[in-house]
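Step one of this worksheet: look at the structure below.
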Amino acid sequence: MSAVGAFLSRGGRHGAMFAARLAPGPRRALGLLAVWFVIAFAGPLLAPHAPGEIVDRDVFAGVSLHHWLGTDYLGRDLGSRLLWGVRYTVLICTLSTLLSCCCGIVLGIAATATSVWVERVLGRLMDGLLSIPSLLFALLVIAAAGESIPALILTMGVIYMPGSYRTSRALALRIARADYVTAALARGEGRAFVILREILPNMTGPLLSDIGLRFVYAVLLLSNLSFLGLGVQPPLVDLGSLVRENVLGLAYGAPAVVVPTLVLALLTVGINLALDGRRP
Amino acid sequence: MTRSLGPLILGRLAASAFSLAFVVVTIFAITAALPGDVADTLLGQSATPEAAASLRHAMALDQPAWLRFWHWAGDMLHADPGRSLLTGRPVAELVGPRLYNSLLLAGATAAVSVPLSLALGLACTMARGTVFDRAATVLMLGTVSVPVFLIATVAVFVFAVQFHLAPALADINAVHSPLQFVRVFLMPVATLSGATTAQMSRMIRACMIDVFSAPWIEMAVLKGVPPVRIVLFHALPNAIGPVVNAIALSLSSLLGGVVVVETVFSYPGMAGLMVDSVAARDVPVVQCCALIFCMVYLALTTLADVVAVASAPRGRDR
Amino acid sequence: MRCRDGGVLTMGAGALSPHCPVSRRAALGLGLGGTAAILAGPRAAAQGAGVPRRGGHLRLAGLAGSTADTLDPARMSVANDFVRGKSFYDGLVALDDAMVPHPALAERLDTDDFQTWHITLRRGVTFHDGGPLTASDVVYSLSRHKDPAVASQQRIAAQQMRDIRATGPLTVEIGLVGPNVDFPAILGMDNFAVIRDGTRNFSSANGTGPFICTGFQPGIRTTGRRNPDYWGAAAWLDTIDLIAISDDMSRHDALLSGDVDIIGSANPRLVRLLRTRGFGIMESPVGTYTDLAVRLDQVPGNNADFVTGIKYLVDREQVRDSVFLGFARIGNDHPIPPEDPYFAADLPQRAYDPDRARFHLKRSGMSGKDLAFFCSPAALASVDIAVLLQYAAQRAGMDVGIRRMPVDGYWSQYWMKMPMSFGNTNARPSADMAFTLSFSSQASMNESRWRDPRFDALLLQARGERDDTVRRRIYHDMQAMVRDGSGVCIPAFTTSLDAFAPQVRGLRPNRAGQLMGYGFTRSVWLDDGGTHR
């Protein structure tokens, strides 16, 4: 959802500074993320069924001894699909977040460290990118590039880049005005040295929490993309698509729609709360 | 103050033109790279290569992409968005009513969510660290973490199907009185406001707490000024810049970012038009939609900056 | 009805007279009479009960609608387009519930040789703007399909009509490129509806149909009111209101909440919910099928073992039960559905056989590497069928990928272009059309690039064959040839589902498609005059 992206982009500008003061926050969030990584890696290995295997004639079946979380709209084992879903959501969101943050940070620092014109042009380009609603942008790009995991990662990376750019530029600007940077420049240190030794290390804390937030929004965007039918190729699945494909089960209160939603909420709320410095 | 606002607005306009041009070129480049074109859409399954080629020729689609862009840009400079490739009707005629619908929905959502999120954001700031603050935070995060399509679908199923409290469709033609307006818009606005309010109030809270750590606020607290007074008269004026910015950003996405709500409630708005037009490869309509989204975004952010500068007690801190 | 009279075939309004003892079927062998009764389920029978009453406002929500919605008969392609077309326009010929042609705007069709057709138009028919129907309108309506700029869906079928000319104010002569016994069925296709001579603007509809268009906003809604001067049996409803809701759950919610009275493309997964809440379900066994086409002129389809292996991999029962939840009839890899009078019932049913599949796939020497099933939501249920097939292939020792493609661009970019792609074919008005459009050597929609001169010769022979028994035998052989020779795999024919509120009456199943072959507005009525719960 593009509102989400917008929130992130501007929210980072001010929210990051706030979060920076809560050093345990990012650390706890990273710890939580590590847990999800373990699930993403090990989960599918433990899945009792293949993601495309039809195990039951009964669709939207409830919880049973054979199928702990019931079956989906085709009669496949939901538990197995859920494990695969976690893997792809975590994988895609992590990579796209890293991509957007790397680009954003590099450009953000470049904007502060080089000429005013670079900053102006970059600023306008980012405004342009931000102004295109994220869902529509993703729809366009994926339609052009074809539906694949790399295309998804790239698209989501581009969508969240402006936000990351704004955060890191704001941070870099603030730090560049600090006394120790002025001092280093006065000492005659090179620009690269100042960036690597003075500016970057001091940005790490706030940036980490920004990255965490961005990951959460990537998860949400990915799940909303499934509404437009975009996601990983079948029979594999991501969490959002898992909710979307089983949405008719709502009429029967099927676990196929309830459980993936809960897992999605657990993932995002948990990391968000951890970032806020509260116990998840 | 007015002296510094003039150049700011002028500069913003010039910069906006640049952003607009960037968006237009980007969108055109992507649409040109999309597989298939309007001729394929029109023919569907009967699109044999020769049928498609002759239709393409009849529609002047066999011109090179840059030439089509050139014609389009020339017309656009004369404020003529051209004609839809698909229907042959003027783009303005297609977009006009949809834009009106979208602005209506966005306006109604803004009217609900802005006051609500200001109130919630401020309340959370005042009640920092209390059970209320925590509960509100978890609730907001929970709201944002559930995909919008699910919230909308659940809302319709519960309120329209089970209890018949509201219609399942947002049928704008059925609106003839204020009461009907409320009935029709209740669910789409509630769904959109849920997500928007959650985001906005979280951001407002963050901005306010940022200001709260300032020494002069601590001073006021020590002096025994009542918390409500501190929030409203000490902190809020200083946080207006970021708060308005946050609101502007949330609102700008209400036009193009609501494709889910438009689809679920069958509400004919801009986002749905753009999705349709992308699918049909109706490039002039796609361009016009993108242009409008971009202009609204730029207008709102500029407005927010102007408000921030005009209201900032100590000028623009950048 | 038509009857043969001294070698001259006549299909005219007078056909219902007792002077014509030869049944339609015997004369032309076009279809079964009274199929409606065969098709109708118990609920459908209940639907017909009661005395029709005039009046009321009916709201329909169809599946597909977008800015591509059209009122141009030539361009109509999605269900809602056809519903609009059937409400506002008429064809020269109308197909009944069993897809048997009957005269409509044409009073009679005469031919000596099945190649030159003389059409006499009904007298006194007026367009909605008051103008009278004349031969020039018919000539314009039919000829325009050949103009590429019109972007007609039926350009290929139209090319059969070599010349179309007016021979009098109410008579038209059509010369075909070759004899075709089934030509009336072609004229009965909705795309060949008659419009006013010279019409170019389709922002509203000027037809002769039972409803007059009162509003048309593409992608939003269409409204109409009953045509008081309709030449045929007047419609029961006062006004109609058509919208499209593409989101499955929302469409059903709109019906359940009473916002609309009837929906097309009901989802099999929600049938249970709808029934428990007292809503009706109309099952129409249509000839629509989703198929996998393996191109025979490319790797891997140029290997006969590979194609045979894939055909044995399809678990048709599973496709019917898990994908369509039973709302489908099993297919036998040829395009003639079981309800068709020419269906070859004695042809052995191909079944899921993992051992044979494994054997053939192994012998083909192909590995699954770089192979993929191309599917898309554009082809109904193809993604789900691909998932089933992929798992079966994996079990048979071959890892094939799935490429799900977006709806837009699928037909032009991937379908029939890729070595293995899923297609979706609508019910054809006749066996001849089904074979001609998708399996003859020159057919542009020959999905698997299967070419068999013997098949083409049989097709031509059947087209000009007047003896129904001989035709039946030819079509039987052709089904066997398609089944064994082509690279097309047809696992099932879909059963189209419509769901409706209890007050909607008069709905009957129709072989041409959902919503009574899209023409339900002509015959349904509202039991309580349109007031709702």
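The values are calculated or read from the model by the stated rules, or taken from the named source; none is laboratory data. These numbers come from a predicted model, not from an experiment. Glycine also receives a Cβ, built like all others from the backbone with ideal geometry; neighbour counts cover every protein chain displayed.
Of note, C:Lys417 satisfies the criterion of being within 14 Å of chain B (Cβ to nearest Cβ), outside any helix (DSSP H, G or I) and surrounded by fewer than 21 Cβ atoms within 10 Å (Cβ to Cβ). Kindly state which helices (runs of 4 or more DSSP H) lie completely within the stretch C:240-324 and contain at least 1 residues that are within 14 Å of chain B (Cβ to nearest Cβ). Result: C:248-256, C:271-276. Take B:Ile247 and tell me if it is out of contact with any Phe, Trp or Tyr (no Cβ under 8 Å at 6 or more places or on another chain) and within 11 Å of chain A (Cβ to nearest Cβ). Yes, satisfied. Scanning the stretch C:217-240 for residues that are at pLDDT 95 or above, closer than 28 Å to B:Gly272 by Cβ and out of contact with any helix residue (DSSP H, G or I) (no Cβ under 6 Å at 6 or more places or on another chain) yields a total of 3.
Could you tell me whether the stretch C:448-470 includes any residue that is within 30 Å of B:Arg56 (Cβ to Cβ), surrounded by fewer than 24 Cβ atoms within 10 Å (Cβ to Cβ), within 14 Å of chain B (Cβ to nearest Cβ) and not polar (S, T, N, Q)? Yes, because at least one residue in the stretch C:448-470 is within 30 Å of B:Arg56 (Cβ to Cβ), surrounded by fewer than 24 Cβ atoms within 10 Å (Cβ to Cβ), within 14 Å of chain B (Cβ to nearest Cβ) and not polar (S, T, N, Q). Identification of helices (runs of 4 or more DSSP H) wholly contained in the stretch A:199-280 with 1 or more residues that are within 11 Å of chain B (Cβ to nearest Cβ) and farther than 26 Å from A:Ser80 by Cβ yields A:200-225, A:255-275. Restricting attention to the stretch C:490-508, does a residue exist that is of a type outside the set (D, E, K, R), in contact with a helix residue (DSSP H, G or I) (Cβ under 8 Å, 6 or more places away or on another chain), surrounded by fewer than 22 Cβ atoms within 10 Å (Cβ to Cβ) and part of a helix (DSSP H, G or I)? No, every residue in the stretch C:490-508 fails to be of a type outside the set (D, E, K, R), in contact with a helix residue (DSSP H, G or I) (Cβ under 8 Å, 6 or more places away or on another chain), surrounded by fewer than 22 Cβ atoms within 10 Å (Cβ to Cβ) and part of a helix (DSSP H, G or I). The residues in the stretch A:54-68 that are touching a residue at least 24 places away in the same chain (Cβ under 8 Å) and surrounded by fewer than 21 Cβ atoms within 10 Å (Cβ to Cβ) can be counted, and the count is 2. Scanning the stretch B:255-273 for residues that are over 12 Å from the mean Cα position of the chain (by Cα), within 8 Å of chain A (Cβ to nearest Cβ) and buried (at least 24 other Cβ atoms within 10 Å of the Cβ) yields one hit, B:Val260. The helices (runs of 4 or more DSSP H) found wholly in the stretch A:112-194 and carrying at least 3 residues that are touching a residue at least 40 places away in the same chain (Cβ under 8 Å) and under 20 Å from A:Cys93 (Cβ atoms) occupy A:134-145, A:149-176.
Enumerate the pairs (first residue in the stretch B:40-63 and more than 8 Å from chain C (Cβ to nearest Cβ); second residue anywhere and in a loop (DSSP other than H, G, I, E, B) and among the charged types (D, E, K, R)) with beta-carbon separation below 8 Å, excluding pairs fewer than 6 apart on the same chain, so at least 6 apart or on different chains. Going by the 8 Å Cβ cut-off, the qualifying pairs are B:Ala53/B:Asp62; B:Arg56/B:Asp37; B:Arg56/B:Asp62; B:Leu61/B:Asp37.
C:Gly232: surrounded by fewer than 19 Cβ atoms within 10 Å (Cβ to Cβ), among the small types (Gly, Ala, Ser), within 24 Å of the chain's Cα centre (by Cα) and more than 14 Å from chain B (Cβ to nearest Cβ), yes or no? Against the criterion (surrounded by fewer than 19 Cβ atoms within 10 Å (Cβ to Cβ), among the small types (Gly, Ala, Ser), within 24 Å of the chain's Cα centre (by Cα) and more than 14 Å from chain B (Cβ to nearest Cβ)), C:Gly232 qualifies. Can you tell me which of B:Pro215, B:Pro167 is under 30 Å from C:Gln217 (Cβ atoms), without any contact (Cβ under 8 Å) to a residue 40 or more places away in the chain and not β-branched (Val, Ile, Thr)? Just a single option satisfies the conditions, and that option is B:Pro167. None of B:Phe28, B:Phe18, B:Phe22 is within 24 Å of B:Cys289 (Cβ to Cβ), in contact (Cβ under 8 Å) with a residue 24 or more places away in the chain and surrounded by fewer than 21 Cβ atoms within 10 Å (Cβ to Cβ) except B:Phe28.
Quick one: in the stretch C:130-166, of everything that is assigned to a loop (DSSP other than H, G, I, E, B) and within 9 Å of chain B (Cβ to nearest Cβ), which residue is farthest from the chain's Cα centre (by Cα)? Among them, the one singled out is C:Asp147. Scan the stretch C:384-406 and tell me whether some residue there is at positive phi, surrounded by fewer than 19 Cβ atoms within 10 Å (Cβ to Cβ) and assigned to a loop (DSSP other than H, G, I, E, B). Yes.
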